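Trainee: Can you keep this structure in mind? I'll have questions shortly.
The values are calculated or read from the model by the stated rules, or taken from the named source; none is laboratory data. Predicted model, so just to flag it, every value in this text is computed and none were measured. A quick note on method: Cβ atoms are made from the backbone with ideal geometry, for glycine too, and the neighbour counts reach across all protein chains shown. SASA here: full protein model, heavy atoms, side chains in, ligands and nucleic acids out. Shrake-Rupley method; radii C 1.70, N 1.55, O 1.52, S 1.80 Å.
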Amino acid sequence: MGRYNETLVSASILAADFGNLESDIKRAEDAGADMIHVDVMDGHFVPNITIGPGVVESIKKFARVPLDVHLMIENTENFIEPFIEAGADIITVHYESCGIENSARIMEHIIKQGIKAAIAFNPNAKHSEIIEALDYILTKNGENSIYMVLLMTVFPGFGGQGFIPESLENVIVTESFREERNETFHIQVDGGIGPDNARDISEAGADIIVAGTAVFRALNIVEAVKAIKGS
Ligand code: DX5
Ligand code: ZN
């Protein structure tokens, strides 16, 4: 278990019914979801297309919990402003799309607008790449400037994929870095997570679990969210 004792759930609407987003999001919130995870895909950075700022703006009108926007796109810098205007509360940029220096710059810009900034790494990111990137961003933007580090536990692009066990190593490495540096960022994990494996992943140091299929396709959504949180 890492810095945070409580495990939060960010419900990924990729597995929701897009025709009934409002009622599905309400169902997730009522079940105890702490955030709504919005997967933005552009068909370039990942081989799939999902939604843009317009949908975030609509969701913002009724959502009661923060909107956690995961950008899996190229030219990330061009889309920060539209997502901020749409009402994103947390914006996550991908290391693999932006690189180190640009990630730092974009995150600085996000923070200056009063929004929480996060960085995501693919499951095959090397430990040294993660550490080097985090160290650079924290040196450049300041201690505790990173709200969240998202460690992908599947390759981004699609919901409903199987959890990649080797990706747990990245959680462990990031958790020790957080401890050593006495940093406050949250560790978020995303992909293939549900009641069966959430506990091991939380124990490795993750404290925000993204779950799409396991939440929106659950027979009992209340039980599912409770089980993922381990409470
Ligand atoms: C994958 C997305 C995930 C995905 C998670 O590219 O970033 O957020 O929707 O879905 P599940 O929980 O179904 O693996
Ligand atoms: Zn995601």
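Trainee: What is the sum of charges, Lys and Arg at +1 and Asp and Glu at -1, for the other residues whose Cβ falls under 12 Å from the Cβ of Ala120? It would help to have the intermediate numbers written out before the result.
Mentor: Details: positive: none; negative: Asp39, Asp68, Glu96, Asp190.
Result for the neighbourhood of Ala120: -4.
Trainee: Compute the length gained on full extension between Glu77 and Ile131: take 0.36 nm times their separation in residues and subtract their Cα-Cα distance, giving the result in nm to one decimal.
Mentor: Values: separation 54, 0.36 × 54 = 19.44 nm, distance 2.27 nm.
Full extension from Glu77 to Ile131 adds 17.2 nm.
Trainee: Could you work out what % of the accessible surface of the chain is carbon and sulfur, using a 1.4 angstrom probe and leaving DNA, RNA and ligands out of the count? Can you show the working numbers first?
Mentor: Numbers: 4770 of 9900 Å².
The computed percentage sits at 48.
Trainee: Could you pull out which residues in the range 170-212 have an amide N less than 17 Å from a spot 7 Å beyond the Cα of Phe158, following the Cα-Cβ vector?
Mentor: Hits in the range 170-212 for Phe158 at 17 Å: 191-193, 212.
Trainee: Now for a separate question. Excluding Gly230 itself, what net charge comes from residues whose Cβ is under 14 Å from its Cβ, given Lys and Arg +1 and Asp and Glu -1? Write out the running numbers ahead of the final one.
Mentor: Values: positive: Arg199, Lys226, Lys229; negative: Glu6, Asp34, Asp196, Asp200, Glu203, Asp207, Glu223.
After counting each charged neighbour, the total is -4.
Trainee: So how many Lys-Lys pairs in the chain land under 17 Å Cα to Cα, not counting same-chain pairs under 8 apart?
Mentor: Working: Lys26/Lys60; Lys26/Lys61; Lys26/Lys226; Lys60/Lys116; Lys112/Lys140; Lys116/Lys140.
Summing the qualifying lysine pairs gives 6.
Trainee: Where in the range 24-87 are there chymotrypsin sites (Phe, Trp or Tyr not before Pro) that are in a DSSP coil and have at most 15 other Cβ atoms within 10 angstrom of their Cβ? It would help to have the intermediate numbers written out before the result.
Mentor: Numbers: sites: Phe45, Phe62, Phe79, Phe83; in loops: Phe45, Phe62.
Loop-located and lightly packed - Phe62.
Trainee: Let me have the 222 nm mean residue ellipticity of the chain computed from DSSP H runs of 4+ only, each contributing -39500 (n - 2.57), with the sum over all residues rounded to the nearest 500. Let's see the in-between values first.
Mentor: Details: 9 runs with 92 residues, N = 231.
That calculation yields -12000 deg cm²/dmol at 222 nm.
Trainee: Report the relative contact order of the chain, percent, no decimals, based on alpha-carbon pairs under 8 angstrom and at least 6 residues apart. Present the calculation step by step, with values, prior to reporting the outcome.
Mentor: Details: 474 pairs, mean separation 57.0, N = 231.
Answer for the chain is 25 percent.
Trainee: Taking only protein heavy atoms into account and a 1.4 Å probe, give the accessible area per residue of the chain in Å².
Mentor: On the way: 9900 Å² over 231 residues.
Per residue, the chain has 43 Å² of solvent-accessible surface.
Trainee: Work out how much length Ile172 to Arg3 would gain on full extension: take 0.36 nm times their residue separation and subtract the Cα-Cα distance, in nm to one decimal.
Mentor: Values: separation 169, 0.36 × 169 = 60.84 nm, distance 1.22 nm.
Computed gain between Ile172 and Arg3 is 59.6 nm.
Trainee: Would you mind counting up the charge near Gln161? Only other residues with Cβ under 15 Å from its Cβ, with Lys and Arg at +1 and Asp and Glu at -1.
Mentor: On the way: positive: Arg217; negative: Asp39, Glu166, Asp190, Asp196.
Overall, the nearby charge balance is -3.
Trainee: Of the chain, which part is the longest with no trypsin sites (Lys or Arg not before Pro) in a loop (DSSP not H, G, I, E, B) and with at most 11 other C-beta atoms within 10 angstrom? Write out the running numbers ahead of the final one.
Mentor: On the way: sites that count: Lys61, Arg64, Lys126.
In the chain, the maximal stretch lacking such sites is 127-231.
Trainee: Moving to a separate point now. List the relative contact order of the range 150-231 as a percent without decimals, with contacts defined as Cα pairs under 8 Å and 6+ residues apart.
Mentor: Details: 113 pairs, mean separation 25.6, N = 82.
Relative contact order here is 31 percent.
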